[in-house]
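Student: Below you'll find the structure I mean.
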Amino acid sequence: MAMMNAAPKSLESILVEAGGPVNLLRGSNLGPYRFPVIPPEFTNWRDEVRSWKDSCALLEQSYHMTELHLRGSQVIPFLSGVAVNKLDTFPVMRAKQLVLAGHDGYYLADAIIFREAEDFFRVVGAPFASDWLLYNAEQSNLDVDAKKDDNFSIRSGTRDVFRVQVQGPNALPLVQEVSGGMLPEIKFFNIGEFKIAGKTVRALRHGMAGEPGFEIYGAWDDQQAVRDALDKAGEKYGMRKIGALAYSTTAQESGWVPMSLPAIYHGEEMKPYREWLNNYFLETIASLGGSFVSDDITDYYVDPIELGYKGIIDFNRDFIGRDALAKKAENQRRSKVTLEWDDKDAAAVMQDSIFPGDGAPAKFLNMPMPMYATFQVDAVMKDGKTVGISTWPSYTANANHFISLAVVDVEHAKPGTEVTLLWGEPDSRRNTVEKHAVREIKAKVAPAPYFEKVIKTGNR
């Protein structure tokens, strides 16, 4: 309570007191992100995971997604200065994956942006994109107004809209039924409007883990009628509600890295932003964990090119990070891949963490999400050398393997390449990490997205 009454401190001042960003983040005791409101499981997380492959899944997004509402006649010119995307064609009732970079081309954040009207946009995702856009909107002289709708990790009450996803092979017939046969044809990443249980909703047409689906949203006060209709009709389609444990594994199968360390902790150009951020923002209290260790914070960063976003970048106009990204595109160093962990090595780590022999045990390998920090960065090795970093690990019940998303040197990015992942956190200073010894886990490079190219096809 004393913290809540104290004057907020800027991230910049906190970094100075901590002796730099690595010291600050490596010393934070904040654990992995916990999804608010929804239970860990509605039934059991294994069958919940399998439902988006075998039948139909209902995923909850009303509580953990941050929204930023952008209004005004110059939102597109504003976004053109801060986002890497091609924005010259962006009609109403369309959505894009908005990607943001720092001044030196490192990745900051991404989110989905919905164009609801000529002068109204919703930015939906983790808070990092909304925070950066809100800061820049406050500094802008353009006709753009930004209002943040924080998620339920830091607030409660009501929101502008509820939001759920319906995914899987039975998603289309289910949504057709609950719409009374009035579902319009909605092209990929387009938005359609229709009614469920007499309530007007909108739906973004997209896919997740290689399967078609809809992100349905509508007025907050209308949600119960919509949910009841989905629950009732969903019984015949094998629909399962997805709890927090299963939800946490969706990104790994889809090949999307949702929470890389935002490149804000270094450089003079980012100093004004660090002075604007304070200790009520996740960027300030977040933790950095994993087996990759460096005193240089930039070694923990990734860039949009190696994350696979090169095709959406508009190099024909100026934006923050444009020149640096152009150089990175000309000389791409790393590529995004999936790492498929060796089953026996993973099982040996699990056994040694709970039934240790002599010496220090292994770091506990939690299921289905082994992450133990806000941002986790593990070292990927080849012939004794670091060749990449692994992040966002999980156990997927659709493939019965531990997998993680990684960026590795391009010469080692071919599927089938054998590498070694270091599991654990050397010399950890965080109370949330138990005493342990780092272990090696063999891994094999696999494609990303893993679901579409491995689980769905059976090809490795």
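The values are calculated or read from the model by the stated rules, or taken from the named source; none is laboratory data. No experiment lies behind these values; they were computed from the predicted model shown. Here the Cβ positions follow ideal geometry from the backbone for every residue, glycine too, while neighbour counts run over all protein chains shown. We work out accessible area using only protein heavy atoms, side chains counted, and drop any ligands, DNA or RNA first. Shrake-Rupley method; radii C 1.70, N 1.55, O 1.52, S 1.80 Å.
Student: Are any of the residues in region 374-397 farther than 18 Å from Ala346 by Cα, of a type in the set (S, T, N, Q) and open to solvent by 10 Å² or more (accessible area, probe 1.4 Å)?
Tutor: Taking every residue of region 374-397 in turn, at least one turns out to be farther than 18 Å from Ala346 by Cα, of a type in the set (S, T, N, Q) and open to solvent by 10 Å² or more (accessible area, probe 1.4 Å).
Student: So, in region 75-113, how many residues would count as being outside any loop (DSSP other than H, G, I, E, B) and surrounded by 23 or more Cβ atoms within 10 Å (Cβ to Cβ)?
Tutor: Adding up the residues that qualify gives 12.
Student: Taking the conditions exactly as written (farther than 19 Å from Pro32 by Cα, open to solvent by less than 30 Å² (accessible area, probe 1.4 Å) and among the small types (Gly, Ala, Ser)), does Ala324 satisfy them or not?
Tutor: yes
Student: Moving to a separate point now. Name every residue in region 152-188 that is on the phi > 0 side of the Ramachandran plot and in contact with a helix residue (DSSP H, G or I) (Cβ under 8 Å, 6 or more places away or on another chain), in order of residue number.
Tutor: First, pick out the residues of region 152-188 that are on the phi > 0 side of the Ramachandran plot: 157, 168, 180-181.
Hit for region 152-188 is Gly168, nothing else.
Student: Out of region 236-252, which residues are hydroxyl-bearing (Ser, Thr, Tyr) and either under 10 Å from the mean Cα position of the chain (by Cα) or outside any loop (DSSP other than H, G, I, E, B) (or both)?
Tutor: Just the residues of region 236-252 that are hydroxyl-bearing (Ser, Thr, Tyr), to begin with: 237, 247-250.
Answer for region 236-252, where residues must be hydroxyl-bearing (Ser, Thr, Tyr) and either under 10 Å from the mean Cα position of the chain (by Cα) or outside any loop (DSSP other than H, G, I, E, B) (or both): Tyr237, Tyr247, Ser248, Thr250.
Each row is one residue, and each column tells you yes or no for (1) more than 19 Å from Tyr237 (Cβ to Cβ); (2) open to solvent by less than 60 Å² (accessible area, probe 1.4 Å); (3) not in a loop (DSSP other than H, G, I, E, B).
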position: Ile154; (1), (2), (3): yes, no, no
position: Arg163; (1), (2), (3): yes, yes, yes
position: Val166; (1), (2), (3): no, yes, yes
position: Pro169; (1), (2), (3): no, yes, no
position: Leu174; (1), (2), (3): no, yes, yes
position: Lys187; (1), (2), (3): yes, no, no
position: Ile191; (1), (2), (3): yes, yes, yes
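Student: Could I ask something else about it? Can you tell which of Ala406, Ala399, Ala448 is under 19 Å from the mean Cα position of the chain (by Cα), of a type in the set (Gly, Ala, Ser) and part of a loop (DSSP other than H, G, I, E, B)?
Tutor: Exactly one of Ala406, Ala399, Ala448 is under 19 Å from the mean Cα position of the chain (by Cα), of a type in the set (Gly, Ala, Ser) and part of a loop (DSSP other than H, G, I, E, B), namely Ala448.
Student: Does Val82 satisfy being closer than 15 Å to Gly311 by Cα, of a type in the set (A, V, I, L, M, F, W, C), in contact with a Leu (Cβ under 9 Å, 6 or more places away or on another chain) and at pLDDT 95 or above?
Tutor: Numbers: closer than 15 Å to Gly311 by Cα: no; of a type in the set (A, V, I, L, M, F, W, C): yes; in contact with a Leu (Cβ under 9 Å, 6 or more places away or on another chain): yes; at pLDDT 95 or above: yes.
So Val82 does not fit the description; no.
Student: Right, next: Of all the residues that make up region 39-74, how many are among the hydrophobic types (A, V, I, L, M, F, W, C) and either part of a helix (DSSP H, G or I) or open to solvent by 20 Å² or more (accessible area, probe 1.4 Å) (or both)?
Tutor: Adding up the residues that qualify gives 5.
Student: Inspect all residues belonging to region 223-231 and state whether any of them is open to solvent by 10 Å² or more (accessible area, probe 1.4 Å) and on the phi > 0 side of the Ramachandran plot.
Tutor: Taking every residue of region 223-231 in turn, none turns out to be open to solvent by 10 Å² or more (accessible area, probe 1.4 Å) and on the phi > 0 side of the Ramachandran plot.
Student: Just one of the numbered conditions (1) closer than 23 Å to Pro304 by Cβ; (2) surrounded by fewer than 16 Cβ atoms within 10 Å (Cβ to Cβ) is not true of Thr457; which one?
Tutor: Of everything listed in (1) closer than 23 Å to Pro304 by Cβ; (2) surrounded by fewer than 16 Cβ atoms within 10 Å (Cβ to Cβ), Thr457 misses just condition (1).
Student: If you go through region 253-281, how many residues are over 30 Å from Glu440 (Cα atoms), in a helix (DSSP H, G or I) and open to solvent by less than 40 Å² (accessible area, probe 1.4 Å)?
Tutor: Summing the residues that are over 30 Å from Glu440 (Cα atoms), in a helix (DSSP H, G or I) and open to solvent by less than 40 Å² (accessible area, probe 1.4 Å) in region 253-281 gives 2.
Student: Answer yes if at least one residue in region 423-430 is touching a residue at least 60 places away in the same chain (Cβ under 8 Å), open to solvent by 50 Å² or more (accessible area, probe 1.4 Å) and of a type in the set (Lys, Arg), and no otherwise.
Tutor: Yes, there is a match, as at least one residue in region 423-430 is touching a residue at least 60 places away in the same chain (Cβ under 8 Å), open to solvent by 50 Å² or more (accessible area, probe 1.4 Å) and of a type in the set (Lys, Arg).
Student: Considering region 302-319 alone, what residues qualify as being in a loop (DSSP other than H, G, I, E, B) and either over 18 Å from Leu261 (Cβ atoms) or open to solvent by less than 20 Å² (accessible area, probe 1.4 Å) (or both)?
Tutor: Result: Val302, Asp303, Pro304, Ile305, Glu306, Leu307, Asp314, Phe315, Asn316, Arg317, Asp318, Phe319.
Student: Could you list, in sequence order, all residues of region 198-222 that are open to solvent by 40 Å² or more (accessible area, probe 1.4 Å), over 30 Å from Phe402 (Cβ atoms) and assigned to a strand (DSSP E or B)?
Tutor: Of everything in region 198-222, those that are open to solvent by 40 Å² or more (accessible area, probe 1.4 Å), over 30 Å from Phe402 (Cβ atoms) and assigned to a strand (DSSP E or B) turn out to be Lys199, Thr200, Arg202, Arg205, Ala219.
Student: Among the candidates Phe355, Phe402, Phe375, which residue alone is more than 25 Å from Leu261 (Cβ to Cβ) and hydrophobic (A, V, I, L, M, F, W, C)?
Tutor: Phe355
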